[in-house]
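Worksheet for the structure shown next.
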Amino acid sequence: MKAQKAFFTNAALHQGDGRRRLAVTLGDPAGIGTEVVLKALSDPEVSQNCDITVIGSRALLQKIYSDLRRPEQQELLADPAGLSILDVNLPREIEDRIITGIGNAASGAASFAYMETAIARTLAGEFDAIVTGPIAKSAWKAAGYDYPGQTELLAQKAGVDRFGMLFVARSPHTGWTLRTLLATTHIPLCQVADRLTPQLIKRKLDLLVECLQQDFRIERPRIACAGLNPHSGEQGQLGREEKDWLIPFLEQERYSRPEIILEGPIPPDTMWVKPGQAWFGTGVEGEKHHYQNPADGYLALYHDQGLIPVKLMAFDRAVNTTIGLPFVRTSPDHGTAFDIAGKGIADATSMKAALGLAAELVTQRLAP
């Protein structure tokens, strides 16, 4: 296995084949997206060897910048006058109804317009990656756009039906990288068992293997797949999905995929023990940096099964990346935080990580 490259810094992006072109959307203008973008772009390392274009409202960027530049505001903010901004013009009746801290149809229409612009310009070849600010699904719906989230819009506009939500975070304690792919995403829990099929798991496994090998250069990745039921069904006593199809499916995949190490189904309540040890740097003996064989990628079968541990370990630094698209897309793994919008206290760590990961993935894809 090749050594994994660190991808949350931009120190080695420029390798003679051009600067990486990133489009950054502001997300819902009533939320914290504009604030975390301005904070993230104030760090010169974030834009080192990258050309970053902000897609949104120039007037909104200037307003937030002016509002947050108070004496007690210690964090630096990028001055919009020095940024490359693709100004998305909105009807006056929409702009006038955007209220900081309140997601509504107007803020939903604005964030949708930012996304559509970013996608169209990226598909036209103007950008290599899109880094998306957080949106509110309810605001999109109020504006008449019925999508489960940005991931599904991206896939539809890109014309792909094979895609996945991968969450990536690098531990500040050990440097180990957590990568978690969701088999199902934004659906009610009662529908999960019916949606899970061998065909779906195979598609997600294909995506995860391709991503680990191509984007992260891990030649023979170790992948852990969760079970669905408590104790992975316990021989059919606590649910039959594992016994009826998941265990036979994984056995066949292990036989047909000698290029990977495939583990599972692992009981969901114990699958996250090794990642936790690798993240915090402790093992069963309580010794610092004592942990064994964490996986390179984890396949969770439903939303909370994967994201509760991700957010427990890496709430302020996890990155959501959509795999399977013809371009790179990343996003900070947090929401609009309407309750703190405009207060100047939003944490930009995850946005910085999303920018760094986007640049690194573009570099990996363009490498010979």
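Observations on the model:
- Residue in the stretch 115-136 that is in a helix (DSSP H, G or I), within 19 Å of residue 61 (Cα to Cα), among the hydroxyl-bearing types (Ser, Thr, Tyr) and at pLDDT 95 or above present: yes
- Scoring residue 303 on the criteria (1) open to solvent by 30 Å² or more (accessible area, probe 1.4 Å); (2) in contact with a strand residue (DSSP E or B) (Cβ under 8 Å, 6 or more places away or on another chain); (3) closer than 24 Å to residue 43 by Cβ leaves a single failure, condition (3).
- Candidates 224, 318, 295 - the one that is surrounded by 15 or more Cβ atoms within 10 Å (Cβ to Cβ), at pLDDT below 95 and either at negative phi or of a type in the set (Ser, Thr, Tyr) (or both): 318
- Here residue 336 meets each of (1) among the β-branched types (Val, Ile, Thr); (2) part of a loop (DSSP other than H, G, I, E, B); (3) surrounded by fewer than 22 Cβ atoms within 10 Å (Cβ to Cβ) with one exception, condition (3).
- Test: residue in the stretch 50-58 that is charged (D, E, K, R), at negative phi and part of a helix (DSSP H, G or I): yes
- Pairs with Cβ under 6 Å, 6+ apart, first in the stretch 291-309 and closer than 20 Å to residue 209 by Cβ and in a helix (DSSP H, G or I), second at pLDDT 95 or above and of a type in the set (Ser, Thr, Tyr): 306/180
- The stretch 140-155 - residue that is charged (D, E, K, R) and in a helix (DSSP H, G or I) and, of those, farthest from the chain's Cα centre (by Cα): 141
- Looking only at the stretch 138-171, and only at residues there that are surrounded by fewer than 19 Cβ atoms within 10 Å (Cβ to Cβ) and of a type in the set (D, E, K, R), the one that is farthest from residue 312 (Cα to Cα): 157
- Considering residues of the stretch 176-202 that are of a type in the set (S, T, N, Q) and in a helix (DSSP H, G or I) only, the residue least open to solvent (accessible area, probe 1.4 Å): 191
The values are calculated or read from the model by the stated rules, or taken from the named source; none is laboratory data. Keep in mind the model is a prediction, meaning the values are calculated, not measured. Backbone-built Cβ (ideal geometry, glycine too); neighbour counts: all protein chains shown. We work out accessible area using only protein heavy atoms, side chains counted, and drop any ligands, DNA or RNA first. Shrake-Rupley method; radii C 1.70, N 1.55, O 1.52, S 1.80 Å.
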